[in-house]
Amino acid sequence: MSGFASRRALLQAGAFVFALSFNTEVAAQPGYVPVLQDGPPLWQNPFGGVFPPVPGSAVPMRQDPSRHLIAGRTWHIADLSNPNLKQWAKDIMKKEIEEIDGGKLQFTPGSSCLPPGVPQFTQSGGPFLIVQAPDKVVIIDESGPVVRHIYLNVPHSPNPKPSWMGEAVGWYEGDTLVVDTIGMNTKTFADRFGTPHTEKLHVVERWRLVEQGLTLRVDLTVEDPDTFYQPWKTYELFRRTGRPLEVEVCAENNANLFDYGTPEDLTPDF
């Protein structure tokens, strides 16, 4: 082989290895652990607000087509004709919509500095930092702030006590972090439309890098047999942002600035 040909072969092989190292969608080897946070750039969701539908799945809650949704300017008003939502949940949401039409402002648990729960956690604008350890993954969401703990390679507790963020366990499947969450209380909503749920809510997320590591995709499967007739699927996409993780202070007494109509507990804790 000539020197030119051998150099060309080496260059081609090097280019292949380089491309392979950055193509996070290539099937990973057994025992491989994908690095979801490979540097200072944090992950931010510029598209959060409404869960997108997935072909072949029941449709997530959508905006009422008669009420145009403008981010930051209009309320998330659910389309209650969704056939996958059971009647008791529709009745609660109908009452809430009537109160909003009467002048009440729409608020979420986050309006009172409370955790968003799952799956709504993935709708957070962030940004957030992912910390991977051998026994768990910690996701620190600046907005809130909220810290989520995902324990690796362990089973769920037999009877987890319901909590705001539930009990999350996870494992790696090739290039994907799989997160299984149960044990959530009923104080959160399943989405921005205020869709209620029961303690049977079960969410499975699949976190993986796509587009040569430029995008973090989270595929979700949501089921609650007492709220939805069928499980439904959706996804969220996160992009890299160059700014560092900052401290966001949530002011629980925000009624001093604006009257959001947020319930207040005037009884001191001390």
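Counting only strands (runs of 3 or more DSSP E) that sit wholly inside segment 86-200, those with at least 1 residues that are in contact with a helix residue (DSSP H, G or I) (Cβ under 8 Å, 6 or more places away or on another chain) and under 24 Å from CYS250 (Cα atoms) are 136-141, 146-152.
For segment 105-141, filtering for residues that are among the hydroxyl-bearing types (Ser, Thr, Tyr) and either out of contact with any Asp or Glu (no Cβ under 8 Å at 6 or more places or on another chain) or surrounded by fewer than 20 Cβ atoms within 10 Å (Cβ to Cβ) (or both) leaves 3. Would you call GLY102 small (Gly, Ala, Ser) and crowded, with 16+ Cβ neighbours inside 10 Å? No. Taken as a whole, the condition of being among the basic types (Lys, Arg) and either in contact with a Phe, Trp or Tyr (Cβ under 8 Å, 6 or more places away or on another chain) or more than 27 Å from LYS104 (Cβ to Cβ) (or both) does not apply to ARG192.
Pairs meeting the criteria (first residue in segment 104-128 and closer than 21 Å to LYS200 by Cα and at pLDDT 90 or above, second residue buried (at least 19 other Cβ atoms within 10 Å of the Cβ) and small (Gly, Ala, Ser), beta carbons under 6 Å, at least 6 apart or on different chains) are VAL118/GLY166. State all residues of segment 219-241 that are within 18 Å of ASN82 (Cβ to Cβ), of a type in the set (Asp, Glu) and assigned to a strand (DSSP E or B); if no residue qualifies, say none. Passing the criteria: only GLU223.
Pairing each residue of segment 71-89 that is without any contact (Cβ under 8 Å) to a residue 60 or more places away in the chain and farther than 18 Å from SER124 by Cα with any residue that is part of a loop (DSSP other than H, G, I, E, B) and among the aromatic types (Phe, Trp, Tyr), provided the two are 6+ apart or on different chains, yields C-beta distances under 9 Å for ASP79/PHE193. The lone criterion from (1) surrounded by 15 or more Cβ atoms within 10 Å (Cβ to Cβ); (2) in contact with a Ser or Thr (Cβ under 8 Å, 6 or more places away or on another chain) left unmet by THR221 is number (2). For the residues LEU245, LEU216, the requirement of being at pLDDT 90 or above, within 25 Å of PRO119 (Cα to Cα) and either of a type outside the set (S, T, N, Q) or outside any strand (DSSP E or B) (or both) singles out LEU216. Applying the criterion of being aromatic (Phe, Trp, Tyr) and at pLDDT 75 or above to the residues of segment 11-58, the residue that is surrounded by the fewest Cβ atoms within 10 Å (Cβ to Cβ) is TYR32. Against the list (1) more than 29 Å from GLU246 (Cα to Cα); (2) buried (at least 16 other Cβ atoms within 10 Å of the Cβ), the condition SER157 fails is (2). Figure legend. Inter-residue proximity from segment 35-48: first residues touching a residue at least 12 places away in the same chain (Cβ under 8 Å) and assigned to a loop (DSSP other than H, G, I, E, B), second residues surrounded by 18 or more Cβ atoms within 10 Å (Cβ to Cβ) and basic (Lys, Arg), beta-carbon distance below 9 Å, spacing 6+ or different chains. Indicated pairs: LEU36/ARG208; GLY48/ARG192.
Return yes when SER81 is over 26 Å from ALA133 (Cα atoms), exposed (fewer than 14 other Cβ atoms within 10 Å of the Cβ), modelled with pLDDT of 95 or more and among the hydroxyl-bearing types (Ser, Thr, Tyr) and no when it is not. Show your work before the answer.
Working: over 26 Å from ALA133 (Cα atoms): yes; exposed (fewer than 14 other Cβ atoms within 10 Å of the Cβ): yes; modelled with pLDDT of 95 or more: yes; among the hydroxyl-bearing types (Ser, Thr, Tyr): yes.
Yes.
Could you say whether any residue in segment 159-171 is touching a Leu at 6+ places or on another chain (Cβ under 8 Å), at pLDDT 95 or above and among the β-branched types (Val, Ile, Thr)? Scanning segment 159-171, I find at least one residue that is touching a Leu at 6+ places or on another chain (Cβ under 8 Å), at pLDDT 95 or above and among the β-branched types (Val, Ile, Thr), so the answer is yes. VAL147 - would you say it is aliphatic (A, V, I, L, M) and surrounded by 16 or more Cβ atoms within 10 Å (Cβ to Cβ)? It is false that VAL147 is aliphatic (A, V, I, L, M) and surrounded by 16 or more Cβ atoms within 10 Å (Cβ to Cβ).
The values are calculated or read from the model by the stated rules, or taken from the named source; none is laboratory data. These numbers were taken from a predicted model, which means no experiment stands behind them. Virtual Cβ from ideal backbone geometry, glycine too; neighbours counted across all protein chains shown.
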